[in-house]
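Read the structure below first, then the notes.
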Amino acid sequence: MMSQFLVPHVKFLSKNGYKIDVACSAPGGIIEEVRQMLNGYIGQLYVVRLERSPLRISNYKGLKDLKCILANTYYDIIWTNEPVMGIMTRIAAQKARKSGTKVLYMVHGFHFYKGAPLLNWILFYPVERLASSITDTIATINTQDYKVAKSFGTVTARYIHGIGVDTKRLNVATTKGAIKEQLGINKDSIILLSVGELNKNKNHKVVLKAMHRIQNPTIHYLLCGKGTTRSLLEKMANQLGIADNVHFLGYRRDLAGIMCDSMVYIHPSKREGLPLAIIESMYRGLPIIASEVGGIVDLIEEGKGGYLCKCDDVEKISQCLQQLIEDKEKCFLMGRFNQKKALPYLIDNVLQEVKDLLDEMN
């Protein structure tokens, strides 16, 4: 969370008069990378023993770490993110709140949502509702979560436009046709693009099924990202007879060039907060086909910027894809619409939005 999303906020707040300490866990051994990113912008960088799984015993050690930090330093505002860190931080901050500290919890997507499994509601909703009573402000990044937070009744709910999309990597010069040449596919091929971790939630298998249904050999599907479901997707592509048209590109730093050659961006996730990859694709002028979940419904206007589908609706996804393939003018107009729609979600706007929220709380 810190390395991928929050560093620009820390730097911006530091430049605008805030004195900041950071406490985060250290997955994947990237703590030194984070330390270098934040060098000169923060006071202390604390490592706490928290893990993303709420069932890990070590989280109690992380709670102890947080309490120790807060016992020795007074903070005007504590800003916490993610479910486990968010719960543990708010528990640890109860004494600090009595001394005047304000607590902001930023939700990047509640685990309970419209269409979520009943178990998610049973497990997560009561915990978040109880935790709201020891929170001053909950900031949400989609309107569905905003309505839920507001319904708690014990906390101030605010809506902001995500965590901010940094467009620097998307504004680089690109060469048309480069990725097609690199992959050895025909220059007239139709490129579908998905960006993100390869996991069950991202639901890439439905795109493979749609490709099989359409039976158009000019369609090539590019998946940018790594993850646990790659081997399953490769096996499925082979079974469907479309393996030569499905390309696993891994983590890429040249998304601008890949998007330049793409006709449609497709994102059929089962759950999302506010996916940056969709906003990036909108910024680059692509029409979107996506599942109607979470913050995606805030981003995509049906028929104007793309199409919203049930995450497993192979038939509708196939129909929408076919419509866009057959109507390049519609693709262009949807892309232009999305470029304007993406503007409030860009990093410069969101940096100021978050600062205004913190100023208001202080």
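Of the accessible area of region 242-312, with the probe set at 1.4 angstrom, what percent is carbon plus sulfur?
45
Whole-Hz Karplus ³J(HN,Hα) for region 277-294, in order, using 6.51 cos²θ - 1.76 cosθ + 1.60 and θ = phi - 60°, x for Gly and Pro?
4, 5, 4, 4, 5, 4, 4, 7, x, 9, x, 10, 10, 8, 7, 8, 10, x
Between 96, 71, 23, which gets the highest mean-square fluctuation from a Gaussian network model of the chain, Cα cutoff 10 Å?
It is 71.
Defining a contact as two alpha carbons under 8 Å apart and six or more residues distant in sequence, what relative contact order in percent does the chain show?
Across the chain, relative contact order equals 14 percent.
Got a sec to turn the phi values of region 176-188 into Karplus ³J(HN,Hα) couplings, 6.51 cos²θ - 1.76 cosθ + 1.60 with θ = phi - 60°, whole Hz, x for Gly and Pro?
Listing the rounded values in order: 4, x, 5, 6, 5, 5, 4, 8, x, 10, 4, 5, 8 Hz.
About the Cα centre of the chain, what is the dipole size in debye to 20, counting +1 per Lys and Arg Cβ and -1 per Asp and Glu Cβ, all else neutral? Working shown, then result.
On the way: 47 positive and 35 negative charges, 152 e Å.
The dipole of the chain has a size of about 740 debye.
Just to confirm the filter: which chymotrypsin sites (Phe, Trp or Tyr not before Pro) across region 241-328 are DSSP coil and have at most 12 other Cβ within 10 angstrom of their Cβ? Could the numbers behind the result be given before it?
On the way: sites: 248, 251, 265, 283, 307; in loops: 251.
Those satisfying the criteria are 251.
If you count the DSSP beta bridges with both ends in region 152-301, what percent of them are antiparallel, to the nearest 5?
Details: 1 of 16 bridges.
Counting DSSP beta bridges with both partners in region 152-301, the antiparallel share is about 5 percent.
Using DSSP to call loops (not H, G, I, E or B), can you name the trypsin sites (Lys or Arg not before Pro) in region 86-120 whose Cβ has at most 12 other Cβ atoms within 10 angstrom? Numbers along the way, then the final one.
Values: sites: 90, 95, 97, 98, 102, 114; in loops: 114.
Qualifying residues, ordered by number: 114.
Distance between the C-alpha centers of region 135-209 and region 43-68? Whole Å please.
28
Check which residues have an amide H placed less than 5 Å from residue 165's amide H, if you skip close sequence neighbours.
HN-HN under 5 Å from residue 165: 346, 347.
What residue among 24, 7, 36 has its Cα farthest toward the positive end of the dipole of region 1-103, where the charges are +1 on Lys, Arg and -1 on Asp, Glu, each on the Cβ?
24
Averaged per residue, what accessible surface does region 255-362 expose to a 1.4 Å probe, in Å²?
Values: 4080 Å² over 108 residues.
I get 38 Å² per residue for this part.
Remind me, relative contact order of region 216-362 in percent, using alpha carbon pairs under 8 angstrom and six or more residues apart?
Details: 179 pairs, mean separation 28.5, N = 147.
Over region 216-362, the number comes to 19 percent.
Where both residues lie in the chain, what percent of DSSP beta bridges are antiparallel, nearest 5? It would help to have the intermediate numbers written out before the result.
Details: 1 of 38 bridges.
Counting DSSP beta bridges with both partners in the chain, the antiparallel share is about 5 percent.
In nanometres, what is the gap between the two model label sites at residue 159 and residue 14, each 7 Å from Cα along Cα-to-Cβ?
In this crude spin-label approximation the distance works out to 3.3 nm.
Just in region 59-128: which chymotrypsin sites (Phe, Trp or Tyr not before Pro) are loop by DSSP and have at most 10 other Cβ atoms within 10 Å? The partial results should precede the final answer.
Working: sites: 60, 74, 75, 79, 105, 110, 112, 113, 121, 124; in loops: 74, 75, 110, 112, 113.
Sites meeting the loop and neighbour criteria: 74.
The values are calculated or read from the model by the stated rules, or taken from the named source; none is laboratory data. Note that the structure is a prediction, hence the values are computed from the model and not measured. Cβ: placed from backbone, ideal geometry, glycine included. Neighbour counts: every protein chain shown. With ligands, DNA and RNA removed, areas are computed over all heavy atoms of the protein, side chains included. Shrake-Rupley method; radii C 1.70, N 1.55, O 1.52, S 1.80 Å.
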